[in-house]
Amino acid sequence: MWRRVRRVADRDFIAPVEATDDGWRLNIDDDARVLLVRLLDELKTLLTSDENDATRPLLHRLFPPAFQDDPDKEAEYQRLMREELVASRVAAVDSVSRLIGPDGPELLTETETMAFMQSVNAIRLVLGTMLDITDDESADGADEEDSPEHHLYAYLGWILEWTVRSLSAG
């Protein structure tokens, strides 16, 4: 079922996301899918919880200010748009959870693959905020960390990299 993508150091390597003639295939095992669905569920809980001083910074990268230099315009924008922005993210999370769950399709469409990429990126943005990773330089330092959270951050980045590559190839 899984195709060889390329040969690396005398062993077969299978990219986690690959373009095929008929769509995009997620080559991630069941444990990884369960993990991603759980992380998406945690993201959804964070998105739908009442924002407070503890959760507001975690969501900042998902909903950056539209008017950084004008607090009044920013407050009005948030009042008008926040609910719609959250609803859009929640709908994407629900859709991706179904796609990568046990009953999901074997192949994804380009739109579904894009939604997968955006949802994984959203998880990574929140995790990066939790780990105080602010740019590529601090992310490089995070690679040296040995915590499970830093390994998860790197793993999500690896999945994103291969998703972008597959979309570019497709």
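The values are calculated or read from the model by the stated rules, or taken from the named source; none is laboratory data. Note that the coordinates shown come from a computational prediction; the quantities given were computed from them, not determined experimentally. Note that each Cβ is placed from the backbone with ideal geometry, even for glycine, and that neighbours are counted across all protein chains shown.
Numbers below:
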| quantity | calculated |
| --- | --- |
| Close pairs (8 angstrom Cβ cut-off, 6 or more residues apart or separate chains): outside any loop (DSSP other than H, G, I, E, B) in region 48-71, at pLDDT below 90 anywhere | Leu59/Glu51 |
| Matching option when the condition is more than 22 Å from Phe63 (Cβ to Cβ), of a type in the set (Phe, Trp, Tyr), surrounded by fewer than 14 Cβ atoms within 10 Å (Cβ to Cβ) and modelled with pLDDT of 80 or more, among Trp158, Trp162 | Trp158 |
| Pairs, first closer than 10 Å to Val164 by Cα and in contact (Cβ under 8 Å) with a residue 40 or more places away in the chain in region 105-118, second in a helix (DSSP H, G or I) and among the acidic types (Asp, Glu), C-beta under 9 Å, six or more apart | none |
